[in-house]
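These notes concern the structure reproduced below.
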Amino acid sequence: MSTPLTVIGLGPMGRAMVEKFLDHGHPTTVWNRTASRADGLVARGARRAATPQEALDASRLVILSLTDYDAMHDVLDGAVVAGKTIVNLSSDTPGKTLRAAAWLAERGAELLVGGVMAPAPLVGEPAAYVFYSGPREVFEAHRETLAVIGRPDHLGEDHSLAQLFYQAQLDYFLTALAGVVHSLALVGAAGVPAARFAPYLKENVESIAMYLDEAIADIDRGRYPGDLADIVMMGATADHVVGAGEEAGVDVVLPAAVRALYRRAVEAGHGRDNWAALYEVVKPPAG
């Protein structure tokens, strides 16, 4: 079943989503501050709106793909949004999503918060999925249409949940990518080409998954047996990583931050626990 919809924001992600909606026969209206970004999509059958209000008037289902929630306010402030379902797929903090939900509700609109877990080239492909949160009945009404851009996963009625899960995934992702760059810089400082080190690094990346189930179980029960490797031992390794970086002349801000976590864990009495006990020094204080 085809569903008319509007997409506001035509960066790489927005354009990729529009292409998928058009491929699946959904009449799609588009608006972007730089109008020329819509040219290729209009050639494929999208309808160009001249103003945000015209874009809103074209469809009940309105998808935002903007830089952040401040951009949503910039675009929608003063517009009539009553009766619309606004699916905001922009990135921001959980707190801002809650304030946005209240802001839209005051104006008669419903908010579905989303987080797209795929880069633009993979939008709509089997590996793509999207976190959603907000009213269940609103989500169910549009589930089939939203599935075009990725597997829809509704996390609950609390609007902040999708943004929370999205940012938590990016927390790991960005940190892991920074670790990749740092390790390549370390060997590169000795004149080793990245390609020579890459096979070992790939094995290391793939091995991370084998530690997750045990660590997750330890965190959930709050016990961290360190009989195989404890924080004192791994903290010593963190010292050596920082030392190697200093000798090589590479920036050591990232490994020094990791070392600081191990030192804090030892100071907090977790020296003989395993690495998952770092959770205890990262989590918010009780109360």
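Here are the numbers for the structure shown:
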item: Nearby lysines by direct alpha-carbon distance to LYS84 (threshold 25 angstrom, same-chain neighbours under 8 apart not counted); result: LYS20, LYS96
item: Carbon plus sulfur fraction of accessible area for the chain, probe 1.4 Å, in percent; result: 58 percent
item: DSSP-defined antiparallel bridges as percent of all bridges, the chain, nearest 5; result: 20 percent
item: Cα-based radius of gyration of the range 146-246 once divided by 2.2 N^0.38 Å, which approximates compact folds; result: 1.44
item: Axial C-alpha extent at least 18 Å, average Kyte-Doolittle at least -0.5 - helices from the chain (DSSP); result: 94-106, 160-188, 194-207, 209-221, 231-248, 253-267
item: Nonlocal amide H pairs with VAL87, under 5 Å, H built at 1.01 Å; result: VAL62, ILE63, LEU64, LEU112
item: Dipole of the chain [Lys/Arg +1, Asp/Glu -1 at C-beta], most positive-end residue of ALA50, GLY25, ALA198; result: ALA50
item: Descending semi-axes in Å of the range 10-140, equivalent ellipsoid built from Cα gyration tensor; result: 22, 18, 14
item: Histogram of C-alpha separations across the range 67-217, 5 Å bin width, %; result: 2, 8, 15, 16, 16, 13, 10, 8, 6, 5, 2, 1, 0
item: For the chain, projected area of the alpha-carbon convex hull averaged over all directions, nm²; result: 18.7 nm²
item: Alpha-carbon centroids, the range 161-177 and the range 201-271: separation in whole Å; result: 19 Å
item: Where trypsin sites (Lys or Arg not before Pro) fall in DSSP loop in the range 201-235, at most 13 other Cβ within 10 Å; result: ARG223
item: Cα pair distances in the range 87-134, grouped into 5 Å bins until the bin that holds the longest one, percent each; result: 5, 21, 27, 19, 13, 10, 6, 1
item: Computed lengthening from ASP158 to ARG107, 0.36 nm per intervening residue step minus Cα-Cα distance; result: 16.5 nm
item: Top positive-direction residue, dipole computed over the chain with Cβ charges, set THR67, HIS154, ALA178; result: THR67
item: Whole-number percent relative contact order across the range 91-165, with pairs defined as alpha carbons under 8 Å at least 6 apart; result: 37 percent
item: Nonlocal amide H pairs with HIS154, under 5 Å, H built at 1.01 Å; result: TYR132
item: Å² per residue, accessible surface of the chain at 1.4 Å; result: 53 Å²
item: The chain - percent relative contact order, Cα under 8 Å, separation 6 or more; result: 12 percent
item: Histogram of C-alpha separations across the range 84-165, 5 Å bin width, %; result: 3, 17, 28, 25, 17, 7, 2, 0
item: Residues of type lysines that LYS283 reaches as a straight line, Cα spacing below 18 Å, ignoring anything fewer than 8 places off in the same chain; result: none
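The values are calculated or read from the model by the stated rules, or taken from the named source; none is laboratory data. Predicted, not measured: the structure shown is a model, and the values here were computed from it. Note: ideal-geometry Cβ built from the backbone for every residue, glycine included; neighbour counts use all protein chains shown. These accessible areas exclude ligands, DNA and RNA; they are computed on the full protein's heavy atoms, side chains included. Shrake-Rupley method; radii C 1.70, N 1.55, O 1.52, S 1.80 Å.
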